[in-house]
Amino acid sequence: MSGTVLLTGGAGFIGSHTYVALLEAGYRVVIVDNFSNAARDVPDRLAQITGTQVVAYDVDVSDAAALEAVFCTHSIDAVIHLAARKSVPQSLASPQGFFNSNIAALLSLLRVMEQHQVKTIVFSSSATVYGAPEALPIPEHAPLGYTNPYGLSKLMGEQFLNQRTRRGQGWATGILRYFNPAGAHPSGLIGEAALSDGGNLMPMVARVAKGQLPGLTVFGSDYGTPDGTGIRDYIHVCDLARGHVLSVGHLLQRGRSHTVNLGKGAGYSVLDLIKTYEQVSGQKIPFRFAPRRAGDVAASFADPSMAQTVLGFRAEHDLLDMCQSSWRWETNSDPCWHPKSADHHRYTAAIPVSQRMDLSH
Ligand SMILES: NC(=O)c1ccc[n+]([C@@H]2O[C@H](COP(=O)([O-])OP(=O)(O)OC[C@H]3O[C@@H](n4cnc5c(N)ncnc54)[C@H](O)[C@@H]3O)[C@@H](O)[C@H]2O)c1
């Protein structure tokens, strides 16, 4: 494969793994990230993993002028757009601000792309666009909906891209609806930062295993599932990263737009995840049951057949792989790694960031 991919949010959880997968596939990659939810040393970690110099810009995607400068500096063939805020609780607390930042960033990006005649884009959507699913497994043609402003921002993002695809004029768009990304790179050098307000289950379980939280709250023990707890479709982040490589390759080679689920097609319960994490970490994970949360569904898992047919994609890793790699990352990572850590700035001041160029000032 050849070509230069602009990877927004490339210092984040999914972005950093996608960076590695793109490089392994032969692409040149330019990262744009405002480091609002990523540690400043991620580019150095990526350089360590790949053995190559990382080009990363400290730029907010909604800053059209700064983005424009990046497009003028590099000849971009395609964009993979991952940069977004993803915290559902934050989106409920401040819908307008959250919505503005996710949508403003996408619109600014699309404008700059249009100016530079770059019309190939992969967009990170989410299974959240299915709202409360009516049937399982969930195919791409299932009814769409949303249960929070985060979900609405993803639905709107899809619509902006679909409008362009329908318009023709050379647009090729890949909409990837992720189920529940988990796990980490086998090196243990990159992984997911737990959001302070909760968020994904595995980083929270890891924090309990590490003794940073006293225990876990499991919402709902009376669902109609084998053990009574909610079932979700967890997909290893390295599988997910490979899905992006296949999607952008498909767009660049065939110019055919697609919307596909990226999931395993099978679910694991909350208790499955806790037990497997206990097994790999050797730590007891205390938990207590609480009533179901409003908006949560008993089970959600993908029909992954479209991704296999269109992209030849199949998720390979199982829950054990996800927990093992997550634990390796969690036990390797410095507590200062987390972007919201008070020590973060002291830490980044001490690390070499010579390969990181900053066009934002
Ligand atoms: N992780 C999940 O469970 C999940 C599930 C479905 C969809 N998604 C979507 O996948 C994408 C990546 O998620 P992630 O888990 O890697 O999140 P993340 O927070 O780890 O990564 C997002 C990255 O984007 C950066 N960023 C945010 N807003 C930006 C902006 N305006 N300009 C520049 N950089 C910005 C952050 O600093 C961060 O590095 C997001 O769009 C998210 O909504 C994630």
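The values are calculated or read from the model by the stated rules, or taken from the named source; none is laboratory data. Keep in mind that what you see is a predicted model, and the values were worked out from it rather than measured. Virtual Cβ from ideal backbone geometry, glycine too; neighbours counted across all protein chains shown. Please note that ligands, DNA and RNA were not included when accessible areas were found on the heavy atoms of the full protein model with its side chains. Shrake-Rupley method; radii C 1.70, N 1.55, O 1.52, S 1.80 Å.
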**OP:** Over the range 44-87, average the accessible area per residue using a 1.4 Å probe and give it in Å², no decimals.
**Re:** 38 Å²
Original post:
Which residues' amide hydrogens lie under 5 Å from the amide hydrogen of L6, considering only partners 5 or more residues apart or on another chain, with H built in the peptide plane?
Top reply: V30, D77, A78, V79, I80
Subject >> HN-Hα J in Hz across the range 201-212 - Karplus 6.51, -1.76, 1.60, θ = phi - 60°, x for Gly and Pro >> reply: 5, 4, x, 5, 4, 4, 5, 5, 4, 7, x, 7
**OP:** Give the long-range amide H neighbours of I138: residues separated by 5 or more places, or on another chain, with amide H under 5 Å away, using H modelled in the peptide plane at 1.01 Å from N.
**Re:** F301, A302, D303
Subject >> Accessible area of the range 4-357 belonging to carbon and sulfur atoms, whole % at 1.4 Å probe >> reply: 51 percent
**OP:** Taking GluC sites (Glu not before Pro) as candidate sites, keep only those in a DSSP loop with at most 13 other Cβ atoms within 10 Å, then name the longest stretch of the chain containing none of them.
**Re:** 135-315
**OP:** With θ set to phi - 60°, apply the Karplus curve 6.51 cos²θ - 1.76 cosθ + 1.60 along the range 143-156 and write out the HN-Hα couplings as whole Hz, x wherever there is a Gly or Pro.
**Re:** x, 9, x, 8, 10, 7, x, 4, x, 5, 5, 6, 4, 5
Subject >> Over the chain: helical MRE at 222 nm, DSSP H runs n ≥ 4 each giving -39500 (n - 2.57), nearest 500 >> reply: -12500 deg cm²/dmol
Original post:
Amide H to amide H, which residues 5 or more places from L216 or on other chains are under 5 Å from it, using H placed in the peptide plane?
Top reply: F287, R288
Subject >> Count of Lys pairs (Cα-Cα under 22 Å; at least 8 positions apart or interchain) in the chain >> reply: 10
**OP:** Apply the Karplus parameterisation 6.51 cos²θ - 1.76 cosθ + 1.60, with θ equal to phi minus 60°, to every residue of the range 282-299 and state each ³J(HN,Hα) to the nearest whole Hz, in sequence, with x for glycine and proline.
**Re:** x, 10, 6, 10, x, 8, 10, 8, 10, x, 4, 8, 4, x, 6, 10, 5, 8
Subject >> Alpha-carbon centroid distance for the pair the range 249-263 / the range 164-230, whole angstrom >> reply: 23 Å
